[in-house]
Number of protein chains: 2
Amino acid sequence: MLRNLDKYDVVLASGSPRRRELLAGLGVRFRVEVRDDIEEVVPKGMLAMQVAEHLSRLKAQAYRPDGNQLIITADTIVIGPHGEVMGKPHDEADARAMLQMLSGATHSVVTGVTVHTAQRLQSFSAQTQVEFDTLSDEEIDYYIENYRPMDKAGAYGIQEWIGYIGVRGIQGSFYNVMGLPVQRLYTLLKTF
Amino acid sequence: MLRNLDKYDVVLASGSPRRRELLAGLGVRFRVEVRDDIEEVVPKGMLAMQVAEHLSRLKAQAYRPDGNQLIITADTIVIGPHGEVMGKPHDEADARAMLQMLSGATHSVVTGVTVHTAQRLQSFSAQTQVEFDTLSDEEIDYYIENYRPMDKAGAYGIQEWIGYIGVRGIQGSFYNVMGLPVQRLYTLLKTF
């Protein structure tokens, strides 16, 4: 499947081990190349829903794909129950505050994805709603201590213990919450 | 967490490696004990929605938990787009027919769970809707050949390649589709 990609040097421009795993799950052969000199600037007044796709595009534009390169970038943000954009927590106290906000409520996870070749730049974003049961302080502290979710938007990984015990249900793509909407990406990659 | 279970000898009565993984993900210590002499009889006229919980209860009743045993049983069925109950496929042709039915449509996955101790028998079921994109014959054949989904209700595992490339989205618990609604089970286990 996706034999059309054989002609490309596919590059995943993300340091996330989850994204690596998810892209590998599509059966795509790729290498990882991460640049850390990209300034993630969000224009004033941009809607929360548009931020992730915008950031994935910014990252993609920082690469100049040559003849046969195909670059994949992604960005995931959490939009809290009251519309606040949540990135990665700064420290433990920040992680705790984020999880307290998500507890007993429904939030959105938006992942923006951009695919960039010498000929084309195409992007989309996918949204998933996630409903958390009420989390006790003990559960939140246990999670932060044992899983150190400092590298995760919204301070949680749905594939970790907190997702097992805390997530009542979702609406949309599960893998999108993990950081890459693989089904939509597969559909897009077919067209390259 | 779930320290209340320390007083029990927890037994998962299921041969499914996915269920084993999922229960372990809750941080529960347990052993596996599978009996294969249970006759899975569904009363005539039973609603499709009730079958999984009924079967999990049948399985649980086959065990007679002694003083400190806590038995967990589960059963997962797929209810196809037209209401047909789908168990595990009999052969490749049956798997192919099931996936063709699920292609481009929404179906339900219902897992029934029973927890049984000497004092209590408690059961529930959870339902998740799964929306598949249209699957090509090539994709269906590739999946069956490479993943041999003969041990899975509805002939697919959402955590496998077919779930990555084919599932547009779900409504409900992802882990329920894998075979164990861990969040609801966690909530129930807290009360033992």
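The values are calculated or read from the model by the stated rules, or taken from the named source; none is laboratory data. Owing to the predicted nature of the structure, the values given are computational and were not obtained by experimental measurement. Reconstructed Cβ throughout: ideal geometry from the backbone, glycine too, with neighbour counts over all protein chains shown.
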Per-region count, segment B:39-53, residues in contact with a strand residue (DSSP E or B) (Cβ under 7 Å, 6 or more places away or on another chain) and more than 19 Å from B:HIS82 (Cα to Cα): 1
Members of segment A:156-175 found to be more than 18 Å from A:ARG19 (Cβ to Cβ) and either under 18 Å from the mean Cα position of the chain (by Cα) or surrounded by 21 or more Cβ atoms within 10 Å (Cβ to Cβ) (or both), listed by number: A:ILE162, A:TYR164, A:ILE165, A:GLY166, A:VAL167, A:GLY169, A:ILE170, A:GLN171
Looking only at segment B:134-155, which residues are buried (at least 18 other Cβ atoms within 10 Å of the Cβ) and either of a type in the set (D, E, K, R) or under 30 Å from B:ASN68 (Cβ atoms) (or both)? B:GLU139, B:LYS152
Can you tell me which residues in segment B:34-55 are in a loop (DSSP other than H, G, I, E, B) and either of a type in the set (Gly, Ala, Ser) or closer than 20 Å to B:TYR186 by Cα (or both)? B:GLY45
Spans of helices (runs of 4 or more DSSP H) in segment B:81-192 with at least 3 residues within 14 Å of chain A (Cβ to nearest Cβ), under 23 Å from B:GLY27 (Cα atoms) and at pLDDT 95 or above: B:174-178, B:182-189
Of the conditions (1) in contact with a strand residue (DSSP E or B) (Cβ under 6 Å, 6 or more places away or on another chain); (2) within 30 Å of B:LYS190 (Cα to Cα), B:ARG64 fails just one. Which one is it? (1)
Against the condition under 24 Å from B:VAL109 (Cα atoms), surrounded by fewer than 16 Cβ atoms within 10 Å (Cβ to Cβ) and small (Gly, Ala, Ser), how does B:GLY87 come out, does it pass? no
Please verify whether B:GLY67 is more than 30 Å from B:ASN4 (Cα to Cα) and either surrounded by fewer than 18 Cβ atoms within 10 Å (Cβ to Cβ) or under 14 Å from the mean Cα position of the chain (by Cα) (or both), treating the condition exactly as stated. no
For A:TYR147, state whether it is closer than 15 Å to A:MET178 by Cβ and free of Cβ contacts under 8 Å to residues at least 24 places away in the same chain. yes
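One line per residue, one yes/no per condition, for (1) in contact (Cβ under 8 Å) with a residue 40 or more places away in the chain; (2) not hydrophobic (A, V, I, L, M, F, W, C):
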position	(1), (2)
A:ASP9	yes, yes
A:ARG19	yes, yes
A:ALA24	no, no
A:VAL34	no, no
A:PRO43	no, yes
A:ARG64	no, yes
A:ASP75	no, yes
A:MET86	yes, no
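Among what's in segment B:20-59 and is small (Gly, Ala, Ser) and at pLDDT below 95, pick the residue that is farthest from the chain's Cα centre (by Cα). Walk me through how you get there before you give the answer.
The first filter runs over segment B:20-59 and keeps only residues small (Gly, Ala, Ser), leaving B:24-25, B:27, B:45, B:48, B:52, B:56.
Of the ones still in play, those that are also at pLDDT below 95 are B:27, B:45, B:48.
On the way: B:GLY27: 19, B:GLY45: 22, B:ALA48: 14 Å.
Step by step, filter segment B:20-59, then rank; the result is B:GLY45.
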Checking A:ASP9 against (1) within 21 Å of A:LYS190 (Cβ to Cβ); (2) under 17 Å from the mean Cα position of the chain (by Cα), only one condition comes out false. Which one? (2)
